[in-house]
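Read the structure below first, then the notes.
Derivation of every value follows stated rules applied to the coordinates shown; laboratory data play no part. All figures in this text were calculated on a predicted structure; none of them were measured in a lab. Methodologically, a virtual Cβ is constructed for each residue, glycine included, from the backbone with ideal geometry; neighbour enumeration extends over all protein chains shown.
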Amino acid sequence: MKICIINGSPKAGESTSELLIGYLMSFIKENEVITYNVREMFFSNTQFSLIQHSDVLIFVFPLYIDSINSALLCLLIELEKRGFENKNINVYCIINNGFYEGRQNHVAADIMQNCCKAAGLTYGQTLGIGAGEMLPFLKEIPLGHGSNKNIGIALQKLSQNILSLHQGKDLFISPNWPRFLWKIQASLCFWYPRAKKNGLKRKELKDKAD
Ligand SMILES: Cc1cc2nc3c(=O)[nH]c(=O)nc-3n(C[C@H](O)[C@H](O)[C@H](O)COP(=O)(O)O)c2cc1C
């Protein structure tokens with residue numbers, strides 16, 4: 001089976017989407033898999049043709065303002081414009097977001113479902129994962145265990161549907177980690193240091209939020 005994965009993260013460095021693609025690959029590696037990144041911006045006709053002639057298309061991307069980012073949107077518009085001869089393509093998505101609750105991704109999942117309808121493709125399923133920025137810190141933990149238990153189980157369900165070309169109910173999950181702890185850790189170890197790196201003080205962050 002020909003599977004095309006689109007990494008829809010516009011991030012310049014390592015992304016959670018890239019990590020999730022790596023996890024997914026361990027379930028689908030027996031297939032002919034190609035991966036593209038929306039950061040490339042300009043796809044060649046050959047690349048478009050490979051996307052258009054896949055059996056399965058998988059979009060892996062971050063949630064931006066409860067929606068999808070502009071680079072991915074441009075690609076989706078271009079794909080719809082070019083059209084698909086093979087209308088039997090099944091589309092699956094893995095969306096990760098910054099807030100704890102994976103449920104936040106439900107609007108973006110609906111957008112993807114509508115895009116499939118517009119392009120005449122079959123919408124398979126979306127897996128929405130919360131606390132996305134935490135996942136790289138958990139990468140040493142095996143999937144299906146400890147803090148990666150929910151992610152492992154959900155990825156297995158999604159890949160079973162991908163491999164059998166079945167459709168499934170959208171899944172929304174968070175890592176197995178207490179929400180209050182994640183909130184404290186995310187602020188102290190991630191968001192505050194990142195703000196500092198960008199020349200912002202904690203107080204300034206709060207001022208902006210008021
Ligand atoms: C411009 C922008 C908008 C975002 N909007 C949301 C949002 O609406 N809800 C949310 O939970 N996270 C939001 N995030 C956080 C990202 O979804 C989160 O950092 C994600 O883990 C990044 O994934 P990536 O590493 O695959 O790019 C936003 C991030 C950026 C940069």
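For Ser70 and Leu165 in one chain, what is 0.36 nm times their gap in residues minus the Cα-Cα distance, to one decimal in nm?
Value of the extension gain: 31.4 nm.
Rank the residues Lys149, Lys203 as a footprinting-exposure proxy: fewest other Cβ atoms within 10 Å of their Cβ go first.
Lys203, Lys149
Relative to the longest principal axis of the chain, what angle (0 to 90°, nearest 10) does the C-alpha long axis of helix 106-119 take?
Its long axis makes an angle of about 20 degrees.
Provide the percentage of antiparallel DSSP beta bridges, counting only those with both residues in the range 2-177; round to the nearest 5.
Antiparallel bridges make up about 5 percent of those DSSP assigns within the range 2-177.
So how do Val91, Val107, Val33, Val60 line up by other beta-carbon neighbours within 10 Å, fewest first?
Starting with the residue having the fewest Cβ neighbours, the order is Val107, Val33, Val91, Val60.
Compute the angle between helix 16-28 and the longest alpha-carbon principal axis of the chain, please, reported from 0 to 90 degrees and rounded to the nearest 10.
Taking the Cα atoms of the chain, the angle to 16-28 is about 50 degrees.
Tell me, rounded to the nearest percent, the portion of alpha carbon pairs in the range 81-203 spaced more than 22 Å apart.
The answer is 46 percent, as a whole percent.
Against the longest principal axis of the chain, how steep is helix 149-163, in degrees 0 to 90 to the nearest 10, with axes from Cα atoms?
Rounded to the nearest ten degrees, it is 10.
For Tyr192 and Glu18, what is the calculated FRET efficiency with R₀ set at 25 Å and r taken between the beta-carbons, to the nearest 0.05?
0.55
With n ≥ 4 as the cut-off for DSSP H runs, can you work out [θ] at 222 nm for the chain, using -39500 (n - 2.57) per run divided by the number of residues, rounded to the nearest 500?
Computed mean residue ellipticity for the chain: -12000 deg cm²/dmol.
Counting each pair of different Cα atoms once, what's the Kirkwood radius of the chain in Å, rounded to one decimal?
One over the average 1/r among Cα pairs gives 17.8 Å for the chain.
Please sort 24-30, 155-161, 53-59 by packing, taking for each peptide the average over its residues of neighbouring beta carbons within 10 angstrom, highest first.
Descending packing order for the listed peptides: 53-59, 155-161, 24-30.
For an R0 of 22 angstrom, estimate the FRET efficiency from the Cβ-Cβ distance between Ile153 and Leu50 and round to the nearest 0.05.
Calculated value: 0.10.
With point charges of +1 on the Cβ of Lys and Arg and -1 on the Cβ of Asp and Glu, referenced to the Cα centre of the range 58-148, which listed residue (Ile77, Ala131, Asn97) lies farthest in the positive direction of the dipole?
Ile77
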